[in-house]
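Worksheet: one structure, shown below.
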Amino acid sequence: MSPVQASPVLDTDSLWRVICEEARELRAGEPVLADFFQSHILDHENFGAALVHRITSLIACEALAADGIGDLCRLALDDDPHILCNASMDLQAHVERDAACDRHVVALLYFKGFQALQCQRIAHWLWGRDRCTMALLFHSQMVRRFTVDIHPGAVMGSGIMLDHATGLVIGETAVVGNNVSVLHSVTLGGSGAAAGDRHPKIASGVLIAAGAKILGNINVGEGAKVGAGSLVLESVPPHVTVAGVPAAVVGIPREISPALEMDQALGAKNGDALMNPKA
């Protein structure tokens, strides 16, 4: 397996300078959108302020006006600096892994997978402080606006790329690790009507391809790859590829962290390798 590594993460100040430079470049090339780039990027002092403005502009509603959403977002960012750090790593993940994203500002302004995840991060902060009613309002607006359903209770790591994201469902007790890539129409769901801990746990470096359904309180091991359209009902060992309905081990990823490469090939089919996936 090739040792693919993520690039060093920019600090938020450096990231903000890059975003502003990108916005000025795009503004110069499309003067009709000058006011849009000004109000959403260039009028703000830092990445956090621009992120709050973008979230606010997307999910404001009759029940909660833009000012109220902005106040809650700023409170969350001030209370938990990890939210902004995670957002910066998510943004960089899009630039590094998505061939359609050549600028950080593009993901910030236009990519609903990134935007929905940042809304969920605020909702998760609210959920953890027993403000569940407000968290569910954020969640409801996120689902309406993006057709992306990530429960406020779900634990989301950093450096996550939700590619396309349409139809994505992640349940309340799901855990998604760092540097994971998830494509559209994926479900991390429960199995049965029982309450409690009932959703999948996804380790770092995992790639989950389009349309995969992973159901129940099961584990997907570090560096695993889940093929498109698969139905996963049992835990997946680290560093294997599973595919099919129901899913079975079909190969070994060529990469240590498939999420970083986004290569959806099934990988090696050597029988010895399948028996010893870490070899």
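The values are calculated or read from the model by the stated rules, or taken from the named source; none is laboratory data. Predicted model only: the values in this text are computed from it and were never measured. Note that we place each Cβ from the backbone using ideal geometry, even for glycine, and neighbour counts take in every protein chain shown.
Overview of values
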quantity: Evaluation of residue 244 against (1) in contact with a Leu (Cβ under 9 Å, 6 or more places away or on another chain); (2) within 23 Å of residue 261 (Cα to Cα); (3) surrounded by 17 or more Cβ atoms within 10 Å (Cβ to Cβ) (one fails), failing number; calculated: (3)
quantity: Residues of segment 154-182 that turn out to be under 14 Å from residue 211 (Cβ atoms), among the small types (Gly, Ala, Ser) and more than 11 Å from the chain's Cα centre (by Cα), as a count; calculated: 1
quantity: Test: residue in segment 134-148 that is under 19 Å from residue 207 (Cα atoms) and either out of contact with any strand residue (DSSP E or B) (no Cβ under 9 Å at 6 or more places or on another chain) or not acidic (Asp, Glu) (or both); calculated: yes
quantity: All helices (runs of 4 or more DSSP H) inside segment 59-148 with 3 or more residues being without any contact (Cβ under 8 Å) to a residue 12 or more places away in the chain; calculated: 66-79, 132-146
quantity: All positions within segment 238-270 that are part of a loop (DSSP other than H, G, I, E, B), within 13 Å of residue 223 (Cβ to Cβ), under 22 Å from the mean Cα position of the chain (by Cα) and not hydroxyl-bearing (Ser, Thr, Tyr); calculated: 238, 239, 240, 253, 256, 263
quantity: Tally, over segment 205-237, of residues that are buried (at least 24 other Cβ atoms within 10 Å of the Cβ), of a type in the set (A, V, I, L, M, F, W, C) and part of a strand (DSSP E or B); calculated: 7
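One line per residue, one yes/no per condition, for (1) over 20 Å from residue 50 (Cβ atoms); (2) in the same structural domain as residue 199 (by TED's automatic domain parsing); (3) in contact with an Asp or Glu (Cβ under 9 Å, 6 or more places away or on another chain); (4) charged (D, E, K, R):
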{"site": "78", "(1), (2), (3), (4)": "no, no, no, yes"}
{"site": "96", "(1), (2), (3), (4)": "yes, no, no, yes"}
{"site": "117", "(1), (2), (3), (4)": "no, no, yes, no"}
{"site": "142", "(1), (2), (3), (4)": "no, no, yes, no"}
